[in-house]
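Undergrad: Here it is: the structure, laid out below.
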Amino acid sequence: IRIAVPSEAPGGLDATRSGHFGRCQCFTLVDLVDGGVGEVQVLANAPHTEGGCMSPVMTLGEHMVDAIVVDGIGGRPLMGFHQVGIAVHAGTGRDVRSAVDGYLAGDLPLVGFESTCQH
């Protein structure tokens, strides 16, 4: 399983989680192997433009991401993630490592359309 966590630069397990998917500086990609952390990669996010949240959705799909852990996300990218088969989970903790630990523990609920950002 590969999860993505929107992150502040420089990314990585100790990076601060970004508060909103579309405006993050990068995504930390974490491969989960045998119930633990495997390879960790950092993927730069394209600059955010109005209505441009589908670009990172497609990029994460191309990088074989299975799930993303977010603090906030709009309805359009949430629908896009559903279309490309990426599960969207509500995150926890200040850094990427906390989000990964929460995912591994099964503590992160799926994000529904009632929980999306309304801006």
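Undergrad: Out of the residues in region 15-49 that are under 20 Å from Asp101 (Cα atoms) and of a type in the set (D, E, K, R), state the one that is farthest from the chain's Cα centre (by Cα).
TA: Asp34
Undergrad: Further, regarding this structure: Collect the residues in region 25-41 that are surrounded by 10 or more Cβ atoms within 10 Å (Cβ to Cβ) and touching a residue at least 12 places away in the same chain (Cβ under 8 Å), keeping them in residue-number order.
TA: Across region 25-41, the qualifying residues are Gln25, Cys26, Phe27, Thr28, Leu29, Val30, Asp31, Leu32, Val37, Val40, Gln41.
Undergrad: Can you work out which of the residues in region 87-112 that are part of a strand (DSSP E or B) and not aliphatic (A, V, I, L, M) is most open to solvent (accessible area, probe 1.4 Å)? Spell out the reasoning first.
TA: Here is the first cut: in region 87-112, the ones part of a strand (DSSP E or B) are 87-90, 95, 110.
Subsequent filtering for residues that are not aliphatic (A, V, I, L, M) retains 89, 95.
Values: His89: 26, Asp95: 42 Å².
My answer is Asp95.
Undergrad: Can you find a residue that is aliphatic (A, V, I, L, M) and surrounded by fewer than 17 Cβ atoms within 10 Å (Cβ to Cβ) anywhere in region 1-11?
TA: Initial filter on region 1-11 (aliphatic (A, V, I, L, M)): 1, 3-5, 9.
Cutting the leftovers down to surrounded by fewer than 17 Cβ atoms within 10 Å (Cβ to Cβ) gives us 1, 9.
Yes, some residue in region 1-11 is aliphatic (A, V, I, L, M) and surrounded by fewer than 17 Cβ atoms within 10 Å (Cβ to Cβ).
Undergrad: While we're on this one: Could you look through region 67-86, keep only residues that are touching a Gly at 6+ places or on another chain (Cβ under 8 Å) and farther than 16 Å from Ser18 by Cβ, and pick out the one that is least open to solvent (accessible area, probe 1.4 Å)?
TA: Here the answer is Ile86.
Undergrad: Could we say that Pro56 is assigned to a helix (DSSP H, G or I) and either over 18 Å from Leu108 (Cβ atoms) or open to solvent by 10 Å² or more (accessible area, probe 1.4 Å) (or both) here? Please lay out each step first, then the result.
TA: Details: assigned to a helix (DSSP H, G or I): yes; either over 18 Å from Leu108 (Cβ atoms) or open to solvent by 10 Å² or more (accessible area, probe 1.4 Å) (or both): yes.
It is true that Pro56 is assigned to a helix (DSSP H, G or I) and either over 18 Å from Leu108 (Cβ atoms) or open to solvent by 10 Å² or more (accessible area, probe 1.4 Å) (or both).
Undergrad: Quickly run through region 86-116 and pick out the residues that are touching a residue at least 24 places away in the same chain (Cβ under 8 Å) and over 21 Å from Val40 (Cα atoms).
TA: Val111, Phe113, Ser115, Thr116, listed by residue number.
Undergrad: Inside region 63-94, can you point out the residues that are within 16 Å of Cys24 (Cα to Cα) and among the aliphatic types (A, V, I, L, M)?
TA: Once the filter is applied, which keeps residues that are within 16 Å of Cys24 (Cα to Cα) and among the aliphatic types (A, V, I, L, M), region 63-94 yields Ile68, Val69, Val70, Ile73, Leu78, Val88, Ala90.
The values are calculated or read from the model by the stated rules, or taken from the named source; none is laboratory data. Since this is a predicted model, take the numbers as computed values, not measurements. Note that each Cβ is placed from the backbone with ideal geometry, even for glycine, and that neighbours are counted across all protein chains shown. Protein only, heavy atoms only, side chains kept; ligands, DNA and RNA dropped before computing areas. Shrake-Rupley method; radii C 1.70, N 1.55, O 1.52, S 1.80 Å.
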